[in-house]
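One structure coming up, written as structure tokens, with questions to follow.
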Amino acid sequence: MKNTLNKIGLLLVLALLMVSCSKDDSSSDDSEVFFRCKINGKLHEFNHSLSANDKPDDWNTIHFVTVGGRESKDMASPGFGFQLVSDEGAKETTYVAANGEGPELIGQYYIQNVVDGKIVSTTGYRGDGNDGSSFTLSITSLTKWGVKGTFSGVLEGDDVFLTVTEGEFSAPYNKN
């Protein structure tokens, strides 16, 4: 079950990244668009193909917030993303992955495994409040432009743990 959930979460993040590859960034200020964090003390920037989900249909109740990016243009480069799903509606507040309690929150870091220039598998690390993992997301701005905030946590993958600190992001919504 855990592997199936990991695959589903990873597919959601990858789908977001695929959709965001086609967006036109010409109207955004590049200094305002970023996604970075330290993983086990080393700074990583996931600014390529960075975006949030599509603009919400109903601004009164934003049911999900998804943000993700990759380290480089190369589809095999590592990526990071998170997804918040809230029946009550996302707000400018702090959310904690709570093992199925309250809004669903998942943070994921993934590494593409390449053999002979082809992606053969993906190693994923997930923070969702299960198996000793954690993920905290603070949304500091939720506007018609996009979403901004901070994040941290402990991600788990096959009993290997990664510590995520000093996470911060500013991501525009996909252009419809």
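For residues that are over 12 Å from residue 95 (Cβ atoms) and within 13 Å of the chain's Cα centre (by Cα), scanning just the stretch 153-171, find the one that is surrounded by the fewest Cβ atoms within 10 Å (Cβ to Cβ).
Top of the filtered list is 168.
Restricting attention to the stretch 142-171, report how many residues are out of contact with any Ser or Thr (no Cβ under 6 Å at 6 or more places or on another chain) and acidic (Asp, Glu).
The number of residues fulfilling the criteria is 3.
Something else: Pick out the one residue from 83, 108, 112 that is open to solvent by less than 10 Å² (accessible area, probe 1.4 Å) and of a type in the set (S, T, N, Q).
Matching residue, one of 83, 108, 112: 108.
Now for a separate question. Mind listing whichever residues of the stretch 126-138 are part of a strand (DSSP E or B), open to solvent by less than 30 Å² (accessible area, probe 1.4 Å) and either touching a helix residue (DSSP H, G or I) at 6+ places or on another chain (Cβ under 8 Å) or farther than 14 Å from residue 35 by Cβ (or both)?
126, 127, 135, 138 - these are the residues of the stretch 126-138 that are part of a strand (DSSP E or B), open to solvent by less than 30 Å² (accessible area, probe 1.4 Å) and either touching a helix residue (DSSP H, G or I) at 6+ places or on another chain (Cβ under 8 Å) or farther than 14 Å from residue 35 by Cβ (or both).
Looking at the stretch 139-152, which of the residues that are under 15 Å from the mean Cα position of the chain (by Cα) and over 14 Å from residue 93 (Cα atoms) is least open to solvent (accessible area, probe 1.4 Å)?
My answer is 146.
Also, quick follow-up: Pairs please, first residue from the stretch 95-112 and β-branched (Val, Ile, Thr), second anywhere and in a loop (DSSP other than H, G, I, E, B), Cβ atoms under 6 Å, 6+ apart in sequence or on different chains.
Listed pairs, sorted by first residue: 106/128; 111/78.
Of these, 96, 67, which one is under 16 Å from residue 135 (Cβ atoms), open to solvent by 50 Å² or more (accessible area, probe 1.4 Å) and at pLDDT 85 or above?
Of the residues listed, the single one that is under 16 Å from residue 135 (Cβ atoms), open to solvent by 50 Å² or more (accessible area, probe 1.4 Å) and at pLDDT 85 or above is 96.
Filter the stretch 38-53 down to the residues that are touching a Phe, Trp or Tyr at 6+ places or on another chain (Cβ under 7 Å) and under 14 Å from residue 154 (Cα atoms) and list them by number.
Listed by number, the list holds a single entry, 39.
Go through the stretch 16-62 residue by residue and tally those that are surrounded by fewer than 16 Cβ atoms within 10 Å (Cβ to Cβ), modelled with pLDDT under 95 and assigned to a loop (DSSP other than H, G, I, E, B).
Final tally of qualifying residues: 13.
Would you be able to say whether some residue in the stretch 122-131 is among the β-branched types (Val, Ile, Thr), in contact with a Phe, Trp or Tyr (Cβ under 9 Å, 6 or more places away or on another chain) and within 19 Å of residue 41 (Cα to Cα)?
Taking every residue of the stretch 122-131 in turn, none turns out to be among the β-branched types (Val, Ile, Thr), in contact with a Phe, Trp or Tyr (Cβ under 9 Å, 6 or more places away or on another chain) and within 19 Å of residue 41 (Cα to Cα).
Test residue 72 against the criterion of being at pLDDT 50 or above, in a loop (DSSP other than H, G, I, E, B) and of a type in the set (S, T, N, Q), and give yes or no.
yes
Could you run through the stretch 100-122 and say how many residues are out of contact with any Pro (no Cβ under 9 Å at 6 or more places or on another chain) and either of a type in the set (Ser, Thr, Tyr) or at negative phi (or both)?
Looking only at that region, the number is 15.
The values are calculated or read from the model by the stated rules, or taken from the named source; none is laboratory data. All values reported here derive from a predicted model rather than from experimental measurement. Please note: Cβ atoms are built from the backbone with ideal geometry, for glycine as well, and neighbour counts cover all protein chains shown. Please note that ligands, DNA and RNA were not included when accessible areas were found on the heavy atoms of the full protein model with its side chains. Shrake-Rupley method; radii C 1.70, N 1.55, O 1.52, S 1.80 Å.
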